[in-house]
């Protein structure tokens, strides 16, 4: 590398994060199955999901704005979930489940991904 070159982050960062999220999703597919065989994620209702997200956020001691910022969510989307007006897509349900399992790990993964995205955006 010559003087003045910016070191680029590992080119497989996105793939690594995606693989991690897939592994977490597979864990929930394997472990969190209701008695009727239906995935618990699939059976969650809007209001129930909103309560769950609110409880998670309260447990972590975060405001809506802090939670949204830490985990890369849109604030209005988070509010919609908590108020039972919106139901997240599969990717966001998986993200919330992963945060429930390991909030610190997920915050670190998202922070590193966002930091690397900013490097690429500024090139």
message: Just to be sure before I move on: is residue 117 surrounded by 11 or more Cβ atoms within 10 Å (Cβ to Cβ), within 11 Å of the chain's Cα centre (by Cα) and either at pLDDT 90 or above or under 21 Å from residue 18 (Cβ atoms) (or both) in the structure I sent?
response: no
task: Name the residue, out of 8, 73, 78, 21, that is within 30 Å of residue 122 (Cα to Cα), modelled with pLDDT under 85 and either part of a helix (DSSP H, G or I) or under 16 Å from the mean Cα position of the chain (by Cα) (or both).
output: 21
query: residue 86: over 22 Å from residue 22 (Cβ atoms) and in a helix (DSSP H, G or I), yes or no?
result: no
field: Per-region count, region 24-65, residues in a loop (DSSP other than H, G, I, E, B) and either closer than 17 Å to residue 108 by Cα or modelled with pLDDT of 65 or more (or both)
entry: 4
- prompt: Is it true that some residue in region 100-111 is at pLDDT below 90 and buried (at least 16 other Cβ atoms within 10 Å of the Cβ)?
  reply: no
field: Selection count where residues are surrounded by fewer than 15 Cβ atoms within 10 Å (Cβ to Cβ) and farther than 14 Å from residue 49 by Cβ, scope region 71-90
entry: 3
task: Please verify whether region 59-70 includes one or more residues that are touching a residue at least 12 places away in the same chain (Cβ under 8 Å), surrounded by 15 or more Cβ atoms within 10 Å (Cβ to Cβ) and closer than 18 Å to residue 23 by Cβ.
output: no
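The values are calculated or read from the model by the stated rules, or taken from the named source; none is laboratory data. Not measured: the values here are computed from a predicted model. Methodologically, a virtual Cβ is constructed for each residue, glycine included, from the backbone with ideal geometry; neighbour enumeration extends over all protein chains shown.
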